[in-house]
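Notes follow the structure.
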Amino acid sequence: MKTLSVIIPVYNEEAYIARALYSVKFADEIIVVDSFSTDKTVVIAKQYNCKIVERQFDNFSNQKNHALQFATCDWVLFLDADERITYPLQLEIIDAINNGKHTAYKLNFPHFYMNRFLFHHSNDVTRLVVREKCHFEGSVHEKLIVDGSVGKLKHHMLHYTYKGLEHYIEKKDTYAWFQAQQMLDKGKKATYFHLAFKPFYRFFHSYIIRGGFRDGIPGMAIAGVNAYGVFSRYAKLILLKRGIK
């Protein structure tokens, strides 16, 4: 039987971490990498007999690559504090690591907003991988680099994505600063095309092409905030170029 490590990066997640840990208690090892939380996150995690790794946050890739050094099992599952593994997904994960044909597997993440899962606003993300065959790259929306083939599991992850509209917008703004800095470092420029057309296309793609309209008002709200996130990214790039933050 293959063994499984779970890595959970956290910062002030006392409202979510217990349920995340409970959902992966089937794992052989749980590693919580904490960015020096000021709430009870670490206290709660210790109740689940986790390995606690503390590291000052600089970017998402470095945080997870650091935690990987402490994993000892054959496979690794990367989980966020606001995510939950259902029992059917648990069984599928166990089967995949023991009998699967791939080096890594993608999981499906439907967004959760306005008390419902939005199945037309979902993402397939590689989260389950052979420990010695992976590393992360990129500071924002970090990418898991896999040395081998990637399959996909059929059962979706429960992802309680946003705590509300204000939290969603705040999250977009936080990511936008990281993304703007990346673009600045690469010498990219922001034009009226980026400020006008790209946000419009993001809304159109999210709401029409991906079928977000089928998710009703929540689908429209998500598409609108996604468009705002694109606008915010390029607006912040302009600010950074002018030395303003």
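Of all the Cα-Cα pairs you can form in the range 190-245, what percent are over 13 Å apart? Mind dumping the intermediate values first?
Details: 899 of 1540 pairs.
When every Cα pair of the range 190-245 is considered, 58 percent fall beyond 13 Å.
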key: Residue among Val32, Val125, Val76 with the largest mean-square fluctuation in a Gaussian network model of the chain, springs linking Cα atoms under 10 Å   = Val125
key: Positive-end residue of His155, Gln63, Gln179, charge dipole of the chain with Cβ unit charges   = Gln179
query = What relative contact order, as a whole-number percentage, does the chain give when Cα pairs under 8 Å and 6 or more residues apart are counted?
reply = 17
key: Within straight-line cross-link reach of Lys106, lysines at Cα separation under 24 Å, skipping those fewer than 8 residues along the same chain   = Lys2, Lys25, Lys64, Lys133, Lys143, Lys152, Lys154, Lys171, Lys172
request  = Roll a 1.4 Å probe over the protein chains and send me the accessible area per residue for the chain in Å².
outcome  = 52
message = Could you report the accessible area of Asp34 in Å², rounded to 10, computed with a 1.4 Å probe on the protein chains as they sit in the structure?
response = 0
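Per residue of the chain, what 222 nm ellipticity follows from adding -39500 (n - 2.57) for every DSSP H run with n ≥ 4, rounded to the nearest 500?
Values: 7 runs with 95 residues, N = 245.
Taking each H run of at least 4 residues, the total per residue is -12500 deg cm²/dmol.
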note = Applied in sequence order to the range 170-175, the curve 6.51 cos²θ - 1.76 cosθ + 1.60 (Karplus, θ = phi - 60°) yields integer Hz couplings, x standing for Gly and Pro, of 4, 5, 4, 5, 4, 4
task = Set the Förster radius R0 to 25 Å, insert the Cβ-Cβ distance between Glu170 and Thr86 as r into 1/(1 + (r/R0)^6), and round the FRET efficiency to 0.05.
result = 0.35
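Any idea what the dipole of the range 1-109 comes to, in debye rounded to 20, about its Cα centre with Lys/Arg Cβ at +1 and Asp/Glu Cβ at -1? If you can, show how the numbers build up before the last one.
On the way: 11 positive and 14 negative charges, 42 e Å.
Once rounded to the nearest 20, the dipole reads 200 debye.
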request  = Please list, in chain and number order, the residues 5+ apart from Val6 or on another chain whose amide H is under 5 Å from its amide H, with Hs placed from the backbone.
outcome  = Glu29, Ile30, Ile31, Leu77
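Once you have the alpha carbon radius of gyration of the range 129-241, what is it after dividing by 2.2 N^0.38 Å, with N set to its residue count?
Relative to the 2.2 N^0.38 Å estimate, the range 129-241 comes out at 1.25.
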message = Take Thr3 and Phe213, extend 7 Å from each Cα along the Cα→Cβ direction, and tell me the distance between the two endpoints in nm.
response = 5.3
inquiry  = Within the chain, what whole-number % of the accessible surface is contributed by carbon and sulfur, with the 1.4 Å probe and all protein chains included in the calculation?
reply    = 54
ask   = How much length, in nm to one decimal, is gained on full extension between Phe197 and Ser139, taken as 0.36 nm per residue of separation minus their Cα-Cα distance?
value = 18.3 nm
task = Could you give log10 I(q)/I(0) at q = 0.12, 0.13, 0.15 Å⁻¹ for the chain, computed by the Debye formula over C-alpha point scatterers of equal weight, without solvent?
result = -0.77, -0.90, -1.17
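If r is the Cβ-Cβ distance from Phe36 to Phe70 and R0 is 25 Å, what FRET efficiency results, to the nearest 0.05? Numbers along the way, then the final one.
Details: r = 17 Å, r/R0 = 0.67.
So, using R0 = 25 Å, E works out to roughly 0.90.
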request  = Output ³J(HN,Hα) for the range 43-58: one whole-Hz value per residue in order, computed from phi by the Karplus curve 6.51 cos²θ - 1.76 cosθ + 1.60 with θ = phi - 60°, and x for Gly and Pro.
outcome  = 4, 5, 4, 5, 5, 9, 6, 8, 7, 9, 10, 9, 8, 5, 6, 10
task = Tell me, rounded to the nearest percent, the portion of alpha carbon pairs in the range 1-100 spaced more than 19 Å apart.
result = 38
request  = Quick one: dipole size for the range 47-102, taken about the Cα centre, charges +1 on Lys/Arg Cβ and -1 on Asp/Glu Cβ, in debye to the nearest 20.
outcome  = 140
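The values are calculated or read from the model by the stated rules, or taken from the named source; none is laboratory data. What you see is a predicted model; the values in this text were computed from it and never measured. So basically every Cβ, Gly included, is an ideal-geometry build from the backbone, and we count neighbours across all protein chains shown. Please note that ligands, DNA and RNA were not included when accessible areas were found on the heavy atoms of the full protein model with its side chains. Shrake-Rupley method; radii C 1.70, N 1.55, O 1.52, S 1.80 Å.
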